[in-house]
Amino acid sequence: MSVEDFEELASKAPKNVQLEFLDGRLYVKGDHIEVEDFEELARRAPEGVKLELIGGKLEVKPLPDNRHRAIVVWLIRLFMQLRPELALYHEQDLKIGAYRKGHATADAALAPLDHFIAQDNTWADPDGVLMVVEVTSRDRDTDRRDRIDKVRGYAEAGIPVYLLIDRDNDTLVVHSGLKNGAYRQSPSFPYGAVVELPAPVNITLETEKLKDYAD
């Protein structure tokens, strides 16, 4: 996030929300923001700035680079072939976490065709979402955000499968086995492996192509 974007965002923040920009990171003074204030702030964000509320913390979703985009496009094309009755929705806004107080933009969310049409809210309810996908970005918050906080948030939201494509070590991690708001299984597979995505996704991923996108 640039200083210019921060200044524009801060000028548009709700009256009771005070923002800080320290060492390249966005913070809320008092380290707390109400869901309603977050949603208003997210609506007012400058073009190209995507905000998330993960574990009660205000986050800025990194802009994807070309390899990140290529991986998501590869997955979308695969699912069109393998599960044509479903759609892999790119950058889908979802309510996550306990009591739906978190708000995340998944790199992709798998759901039936036209699943989100009836939802008027920008931040969709996760009910009916079969899987979410995140592709790690080249930023210093990836470890906490994608490997810890979003694992918890997606599980608490009841999303059956969370597929993490981890570009730092060229692996795919399949979080599944949802029970009592937590994933019980998280096997890891190297790029090139044959990966079985469990129910309710029920497809086999041939991942050799991911080697072309390795950094």
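The values are calculated or read from the model by the stated rules, or taken from the named source; none is laboratory data. Not measured: the values here are computed from a predicted model. All Cβ positions, even for glycine, are placed from backbone atoms using ideal geometry, and neighbour counts span all protein chains on display. Surface accessibility is based on the protein's heavy atoms, side chains included, excluding ligands, DNA and RNA. Shrake-Rupley method; radii C 1.70, N 1.55, O 1.52, S 1.80 Å.
Roll a 1.4 Å probe over the protein chains and send me the accessible area per residue for region 26-77 in Å².
On the way: 2730 Å² over 52 residues.
On a per-residue basis, region 26-77 sits at 53 Å².
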For region 20-64, just say rounded, prolate or oblate: build the C-alpha gyration tensor, square-root its eigenvalues into a ≥ b ≥ c, call rounded for a/c under 1.5, and beyond that prolate if a/b exceeds b/c, oblate if not. oblate
For a bin width of 10 Å, list the pair-distance distribution of the chain built from all Cα-Cα distances, rounded to whole %. 8, 34, 36, 18, 4, 0
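Using Cα pairs under 8 angstrom and six or more residues apart, how large is the relative contact order of region 37-97, in percent?
Values: 30 pairs, mean separation 10.7, N = 61.
It rounds to 18 percent for region 37-97.
DSSP loop trypsin sites (Lys or Arg not before Pro) in region 1-99 with at most 10 other Cβ atoms within 10 Å of their Cβ, which ones? Walk me through the numbers before you get to the answer.
Working: sites: Lys12, Lys15, Arg25, Lys29, Arg43, Arg44, Lys50, Lys57, Arg67, Arg69, Arg77, Lys95; in loops: Lys15, Lys29.
For trypsin sites (Lys or Arg not before Pro) across region 1-99 that sit outside H, G, I, E and B with at most 10 neighbouring Cβ atoms in 10 Å, the list reads Lys15, Lys29.
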Length gain on complete extension for the stretch Asp215 to Asn169, per 0.36 nm per residue less the alpha carbon to alpha carbon distance? 15.6 nm
Which one, Leu178, Asn202, Pro190, projects farthest toward the positive side of the charge dipole computed for region 169-215 from Cβ point charges (K/R +1, D/E -1)? Leu178
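Work through the residues other than His115 whose Cβ is under 12 Å from its Cβ and net out their charges, Lys, Arg +1 and Asp, Glu -1. Show your work: numbers first, answer last.
Details: positive: none; negative: Glu85, Asp114, Asp125, Asp127.
Overall, the nearby charge balance is -4.
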Considering the chain as a Gaussian network with a 10 Å cut-off on Cα pairs, which listed residue, Gly102, Gly56, Gly48, attains the greatest mean-square fluctuation? Gly48
Under 25 Å from the Cα of Lys15, which lysines turn up, not counting those fewer than eight places away in the same chain? Lys29, Lys50, Lys57, Lys61, Lys95, Lys101
Using the Kirkwood radius over Cα pairs, work out the Stokes-Einstein diffusion coefficient for region 145-215 at 25 °C and 0.890 mPa s, in µm²/s as a whole number. 195 µm²/s
Picking from Val28, Ala108, Leu53, whose Cα lies most toward the positive end of the charge dipole for region 18-118 (charges on Cβ: Lys, Arg +1; Asp, Glu -1)? Ala108
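With only Lys, Arg, Asp and Glu charged, each at its Cβ (+1 for the first two, -1 for the last two), find how big the charge dipole of region 101-180 is about the Cα centre; round to the nearest 20 debye.
Values: 10 positive and 15 negative charges, 56 e Å.
My answer is approximately 280 debye.
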For region 16-91, one quarter of the surface area of the C-alpha convex hull, expressed in nm², comes to 7.0 nm²
Give the Debye-formula value of log10 I(q)/I(0) at each listed q (0.11, 0.14, 0.25 Å⁻¹), with one equal scatterer per alpha carbon of region 93-185, two decimals each. -0.29, -0.47, -1.36
Distance from the Cα centre of region 37-95 to that of region 161-185, in angstrom? 17 Å
Suppose every Lys and Arg Cβ carries +1 and every Asp and Glu Cβ carries -1, with no other charges. What dipole size does the chain come out with about its Cα centre, to the nearest 20 debye? 460 debye
Using only the alpha-carbon atoms, how far is helix 3-12 inclined from the longest principal axis of the chain? Give it as 0 to 90 degrees, nearest 10. 70 degrees
